[in-house]
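Enquirer: Submitted below is the structure of interest, expressed as structure tokens.
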Amino acid sequence: MIASFSVTDIGKKRKLNQDFVYASDEPVGNLPNVYVVADGMGGHQAGDYASKCAVETMVREIRSCFEKSPIRILSKAICVANDRVRYKAREDENLAGMGTTVVAATCMGKYLQVANIGDSRLYIINDEIRQVTRDHSLVEEMVRMGGLDRANARNHPDKNIITRAIGAKDTIEIDFFHEELKNGDIVLMCSDGLSNMLEDEEIGRILRGQGTLQERAAKLVEAANNNGGKDNIAVIIIDAFATAKAEE
């Protein structure tokens with residue numbers, strides 16, 4: 001049986017928490033489970049509205065969708081969320097220009113289906129830590145084109161400029177990833193408030209360590225805040241083989 005734990009934290013520098021998470025180990029519509037991290041953008045309260053609106057719209061759409069394919073279900077949910085965020089931004093001038101990243105996942109037995117827009121991330125951790133999603137950011141594009149090396153990308157001044165987001169355009173381009181999980185794998189979904197504050201190796205070390213999912217999530221948040229806590233922090237940790245471990 002699958003197990004998860006989710007948490008958000010305002011961090012040490014922000015006055016508002018614009019991160020929003022949803023985690024259900026139980027079926028939602030035709031999906032066996034659903035996990036979503038969203039990191040909102042926008043002035044005043046627009047960012048926190050965008051992330052909450054997008055995630056709640058997605059969950060509602062997933063619950064009512066008749067499709068069987070997880071890709072089609074997630075794609076439809078994200079597209080409807082994009083329409084909803086854009087509609088609300090047009091309707092209320094205080095929300096104009098708002099947007100949000102989204103990384104969403106569902107586990108079907110040992111298979112993981114992932115959808116991503118923006119720079120929130122999904123990792124798989126076992127003996128090593130591996131980033132599954134690819135950031136939709138200006139700096140990541142510079143790295144891919146060879147204009148910037150990975151080491152310098154981490155502290156680049158334009159690191160927070162993202163190239164895709166829910167709410168940015170009428171049509172949205174979604175990246176999908178299909179992964180086969182093996183026993184011992186831990187899945188981490190997070191906003192950049194975590195990944196910008198901690199090196200991947202430190203994240204992996206904490207998640208490979210002792211403690212419940214909740215305790216390890218708390219250690220991640222604490223470490224990010226100890227390193228500056230410059231942004232809101234969102235974390236979902238998923239153990240797709242929790243029952244198998246308990247029975248060993």
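The values are calculated or read from the model by the stated rules, or taken from the named source; none is laboratory data. Not measured: the values here are computed from a predicted model. Positions of Cβ are backbone-derived with ideal geometry, glycine not excepted, and every protein chain shown enters the neighbour counts.
Enquirer: Please give the helices (runs of 4 or more DSSP H) falling wholly within region 161-228 in which 1 or more residues are over 17 Å from the mean Cα position of the chain (by Cα).
Expert: Those helices (runs of 4 or more DSSP H) span 200-208, 213-226.
Enquirer: Condition first: at pLDDT 75 or above, hydrophobic (A, V, I, L, M, F, W, C) and either out of contact with any Leu (no Cβ under 9 Å at 6 or more places or on another chain) or surrounded by fewer than 16 Cβ atoms within 10 Å (Cβ to Cβ) (or both). Now tell me which residues in region 132-168 satisfy that.
Expert: Within region 132-168, Ile161, Ala165, Ile166, Ala168 qualify.
Enquirer: Of the residues in region 66-78, how many are basic (Lys, Arg) and outside any loop (DSSP other than H, G, I, E, B)?
Expert: Residues flagged as basic (Lys, Arg) and outside any loop (DSSP other than H, G, I, E, B) within region 66-78 amount to 2.
Enquirer: Same structure, new question: Which numbered condition trips up Ala244, out of (1) at pLDDT 95 or above; (2) farther than 15 Å from Gln131 by Cβ?
Expert: (1)
Enquirer: Let me ask something else. Would you confirm, using the coordinates I've provided, whether Ala224 is surrounded by fewer than 18 Cβ atoms within 10 Å (Cβ to Cβ) and in contact with a Gly (Cβ under 9 Å, 6 or more places away or on another chain)?
Expert: Spelling it out, it is not the case that Ala224 is surrounded by fewer than 18 Cβ atoms within 10 Å (Cβ to Cβ) and in contact with a Gly (Cβ under 9 Å, 6 or more places away or on another chain).
Enquirer: Filter region 200-215 for residues that are without any contact (Cβ under 8 Å) to a residue 40 or more places away in the chain and either within 18 Å of Ser120 (Cα to Cα) or among the charged types (D, E, K, R) (or both) and give the result.
Expert: Passing the criteria: Glu202, Arg205, Glu215.
Enquirer: What is the residue count in region 186-197 for residues that are surrounded by fewer than 20 Cβ atoms within 10 Å (Cβ to Cβ) and either hydroxyl-bearing (Ser, Thr, Tyr) or modelled with pLDDT of 95 or more (or both)?
Expert: 0
Enquirer: When the residues of region 91-121 are narrowed to those that are within 15 Å of Phe20 (Cβ to Cβ) and among the hydroxyl-bearing types (Ser, Thr, Tyr), which ends up surrounded by the most Cβ atoms within 10 Å (Cβ to Cβ)?
Expert: Thr100
Enquirer: Please identify the pairs in which a residue from region 229-243 that is in contact (Cβ under 8 Å) with a residue 40 or more places away in the chain and assigned to a strand (DSSP E or B) has its Cβ atom under 9 Å from the Cβ atom of a residue that is among the aromatic types (Phe, Trp, Tyr) and surrounded by 24 or more Cβ atoms within 10 Å (Cβ to Cβ), counting only partners at least 6 apart or on another chain.
Expert: Matching pairs, first to second residue: Ala234/Phe20; Ile236/Tyr35; Ile238/Tyr35.
Enquirer: Additional query: Of all residues in region 1-60 being in a loop (DSSP other than H, G, I, E, B) and among the β-branched types (Val, Ile, Thr), which is surrounded by the fewest Cβ atoms within 10 Å (Cβ to Cβ)?
Expert: Out of the qualifying residues, it is Ile10.
Enquirer: For residues that are among the small types (Gly, Ala, Ser) and surrounded by 19 or more Cβ atoms within 10 Å (Cβ to Cβ), scanning just region 61-83, find the one that is farthest from Ile166 (Cα to Cα).
Expert: Residue satisfying both the conditions and the ranking: Ala77.
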